[in-house]
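Asker: Have a look at the structure that comes next, please.
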There are 2 protein chains.
Amino acid sequence: MFTPLFNHLKKYISLTTDEEEIIKSYLQVSTVANKEYILQQGQVCQANYFIVNGCIRKYFTTEQGTEQIIQFAIDNWWITDYTSMDFQQPSLYTIQAVEESEIIILKKSIEEELFQRVPVLERYFRIILQRAFAASLNRIHYIYSLSGEERYRHFNNAFPDFVQRVPQYMLASYLGFTPEFLSKIRARKG
Amino acid sequence: MFTPLFNHLKKYISLTTDEEEIIKSYLQVSTVANKEYILQQGQVCQANYFIVNGCIRKYFTTEQGTEQIIQFAIDNWWITDYTSMDFQQPSLYTIQAVEESEIIILKKSIEEELFQRVPVLERYFRIILQRAFAASLNRIHYIYSLSGEERYRHFNNAFPDFVQRVPQYMLASYLGFTPEFLSKIRARKG
DNA sequence: CAAAAATCTTAATCTTGTTCAAGAAAGGCG
DNA sequence: CGCCTTTCTTGAACAAGATTAAGATTTTTG
């Protein structure tokens, strides 16, 4: 159960056996059912979540009542609301499972203590945040430089298997247009 | 000259006098004129840049030849292209001064050595990347939930002094619409 | 297996913002 | 100070994608 996480850690840092044991002792393991909530809009986010397997989405509800997806997380990704967690503010976002998922929980309340005992984790998170930040700017790049249709085709090429995994209306939301428009695009060509 | 950087560092971590001296010995200071390039599209990004004062933009050129601004950085922000720097790939972006600016340069080539000598810097960058990543997702939130006009009004309220600082066509680009449209918005009301 | 819930499609109409094109202001420099 | 470059504005024609509404299909569950 912890294997995927430690494999991921070892891509970026080295750990002694002792350190591995310490880390394990600070983590919790959990299974969430499809549609189960990990965080609901208005709650203060209390943990960082590592997806062992499954699929999780983070979204908010617009004034018109539609759901807007901000992020997807699948196997080997972390998901949380850093704004809510860092400032202990109510979150604007809801985090919810899109498939039954196995997750590992790193609670904010003990994170500092863990980082003190295993400081190399600061490095691990620095590096993966660097990647996540770059990916996010990259996404802004695509939003601004491609049309909706181009964005869909590009995403489809880049992550063909992921596209199969989530309902199309969620994909449309993530890509920033309506499900009706996605339908239209798909009708135009395979 | 180093004072703003160390003040920023001290917001997130504590440093001994020794550590401060080590850090200083790894940094370079530079002044860039308005319109001077720090990185040009196609080059491999070799450093992370801290803005002591001034204003820097990061943008790319679309197929139609228009410039699309992805990021602004002002006093006390770092700017770089992490994708290019981490993977030593040619950058898709150009980083250019929008005002005469004083910057501090942390070169990729000596970054690792510095982090080994002052490991608490990993923590500093972890925290500021957490903020930067959150801000970037927040920006995606705004792009998806607000109209162009709403985005402009919101930005104008949030950063009134910054709006005065850059040409409107750059602001329009950053907000994701044309300068003509920004003109139209401004004509509608204050 | 049947009924209910969730998801996807189609088409007509409407909005937001783009594109072009041209001129008006403003700013910087010799 | 006057010219040249940069920036800003305006308006008409147009395009991308939203909205609404209805029906079709698929999936889930009792």
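Asker: A:I104 passes all but one of (1) among the hydrophobic types (A, V, I, L, M, F, W, C); (2) away from chain B (no Cβ under 12 Å); (3) assigned to a helix (DSSP H, G or I); which number fails?
Answerer: Condition not satisfied by A:I104: (3).
Asker: Yes or no: B:S84 outside any loop (DSSP other than H, G, I, E, B), surrounded by fewer than 20 Cβ atoms within 10 Å (Cβ to Cβ) and not aliphatic (A, V, I, L, M)?
Answerer: So B:S84 fails the test.
Asker: So which residues in the stretch B:122-137 are touching a residue at least 12 places away in the same chain (Cβ under 8 Å) and more than 7 Å from chain A (Cβ to nearest Cβ), if there are any at all?
Answerer: B:Y124, B:I127, B:I128
Asker: Could you tell me whether any residue of the stretch B:139-157 is more than 9 Å from chain A (Cβ to nearest Cβ), touching a residue at least 40 places away in the same chain (Cβ under 8 Å) and outside any helix (DSSP H, G or I)?
Answerer: no
Asker: Please determine, by comparing only the residues of the stretch B:160-190 that are surrounded by 14 or more Cβ atoms within 10 Å (Cβ to Cβ) and away from DNA strand C (no atom under 13 Å from the Cβ), which one is nearest to A:I143 (Cα to Cα).
Answerer: Applying the filter and picking the extreme gives B:M170.
Asker: Sort through A:F125, A:F115 and tell me the only one that's buried (at least 20 other Cβ atoms within 10 Å of the Cβ) and either more than 12 Å from DNA strand D (Cβ to nearest atom) or among the charged types (D, E, K, R) (or both).
Answerer: That would be A:F125, the only listed residue that is buried (at least 20 other Cβ atoms within 10 Å of the Cβ) and either more than 12 Å from DNA strand D (Cβ to nearest atom) or among the charged types (D, E, K, R) (or both).
Asker: Would you please name the residue that is nearest to the other protein chains (Cβ to nearest Cβ), looking only at residues in the stretch A:72-84 that are touching a residue at least 60 places away in the same chain (Cβ under 8 Å) and not β-branched (V, I, T)?
Answerer: A:F72
Asker: I would also like to ask the following. If the requirement is being away from every other protein chain (no Cβ under 14 Å), assigned to a helix (DSSP H, G or I), touching a residue at least 24 places away in the same chain (Cβ under 8 Å) and of a type outside the set (G, A, S), which of these qualifies: A:I22, A:I56?
Answerer: Exactly one residue qualifies, and that residue is A:I22.
Values in this text are rule-based calculations from the coordinates and carry no lab data. Keep in mind it's a predicted model, so treat the numbers as computed, not measured. Reconstructed Cβ throughout: ideal geometry from the backbone, glycine too, with neighbour counts over all protein chains shown.
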